[in-house]
Amino acid sequence: MSKQLNPLQQPWLADFSDTVRIFVVIVVAEMMVLVYSLSFFSFNFNFLNQLALLSLLAQLIAISVVVLLTALRDFFNRFSVYIGLSLVMVMTLLVAAAYTLLLAWIDEALMFDLIDRSFMTTFKITLATGLTLLALMRYFYVQEQWLFQVEAVAKAQMSELQARIKPHFLYNSLNSIASLIPLDPVAAEKAVLNLSGLFRKAFSNPEKNMTALRRELEWVDEYLAIEQLRLMDRLSYEIVVNDALLTKKIPLLSIQPLVENAVIHGIQHLSEGGQIKVQITHEKDQFQVRVTNPYKAEKVTPGLQTGIDNIRQRLKLAFGDKAQMTVHAGELFEAIWTVKT
């Protein structure tokens, strides 16, 4: 009896439409031909003809099976592993037998005499095809399960790091609002409403780890609106970005915490205030986010590095070795992360 595949369950049948997998199947099929040809190896022209015929047969079988497995993947995945695998084996054996018998018939009709004992040859090639398919499916299954586990672990780590940074942002925002209450209750009330809207967006999908750049910059604007109620003219900011980049996917909360650090560890310690500048560029093969702000070196606390390390780890999980996070403390404090594209 067939059963519907749980959408959260990893399909047991690998995707054979992948370019690398197609290449592996073709190479393995040819290797099996070379191994099989050793049983009738000889130093004559007839051996080369037989080898060419077997190569043709192997590639016809391999390509046909790959096409069928790709086209019928959803169908086979509706069944349990054992039933689905049995159906795949039956299909493969029939394809192998049909092609072998067809080439044997053509060989006999044209009197090439390249295939001896056609039924025995059909049996051996069909059996070898079945065993090879089982080995390949096992290999691809183990490989796919391993990749699935790696992705699951990476997603869990990303969620954990993201969960750590949200409370940190909440505490800083509440402290900012608390400082406003005795000075300007109306502004404090407005800040609470802004914070409510900001968190409604941030926590609307707790499992979402990536977001559009446009959405991230909206959070930056809303956060800075809260801080401007507290710091007033001491805080100004500029965001420089090409509109064409606004749909690019980036890790959630990978820019806003940098801006938050620029306020908490930079602007608020300056009596004259200053400007935060966010520059987002995509030049050649590199996407870059740069956040700069004036600061007092003695006010840069260890908490800043903790937040930056959090973003560095999440970038690593999202983009691997393509991502890099750096910090420069010169005339201005700069936090920069880049991704090679």
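The table for this structure:
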{"item": "Cut-off 10 Å between beta-carbons: net charge of the residues surrounding Ser118, Lys and Arg +1, Asp and Glu -1", "result": "-2"}
{"item": "Label point distance in nm, Met210-Arg234, each placed 7 Å from Cα along Cα→Cβ", "result": "4.0 nm"}
{"item": "Phe79 long-range amide H proximity, modeled H, under 5 Å", "result": "Lys3"}
{"item": "Estimated distance in nm for a label pair at Gln59 and Thr281, the labels positioned 7 Å out from Cα along Cα-to-Cβ", "result": "4.9 nm"}
{"item": "Summed residue charge, Cβ within 9 Å of Leu213's Cβ, Lys/Arg positive, Asp/Glu negative", "result": "+3"}
{"item": "Hz values of 3J(HN,Hα) by residue in the range 30-38 - Karplus curve (6.51, -1.76, 1.60), Gly and Pro given as x", "result": "5, 5, 5, 4, 4, 5, 5, 5, 5"}
{"item": "The range 181-340: C-alpha gyration tensor shape, a/c 1.5 cut-off, then a/b vs b/c", "result": "oblate"}
{"item": "Relative contact order (%) - criterion: Cα under 8 Å, at least six apart; region: the range 60-143", "result": "28 percent"}
{"item": "Set Lys248/Lys316; Lys190/Lys277; Lys277/Lys316 screened for pairs whose C-alpha atoms are more than 20 Å apart", "result": "Lys190/Lys277; Lys277/Lys316"}
{"item": "Point-charge dipole on Cβ atoms (K/R +1, D/E -1) for the range 19-149, about Cα centre, debye to 20", "result": "400 debye"}
{"item": "Alpha-carbon Rg/Rh ratio, for the range 19-149, with Rh computed the Kirkwood way", "result": "1.02"}
{"item": "Local net charge near Phe40, Cβ-Cβ under 12 Å (Lys/Arg +1, Asp/Glu -1)", "result": "+1"}
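Each reported figure results from applying straightforward, stated rules to the coordinates on display, with no laboratory input. Quantities reported herein were computed from a predicted structural model and do not represent experimental measurements. When we count neighbours, we look across all protein chains shown, and the Cβ atoms used for this are built from the backbone with ideal geometry, even at glycine.
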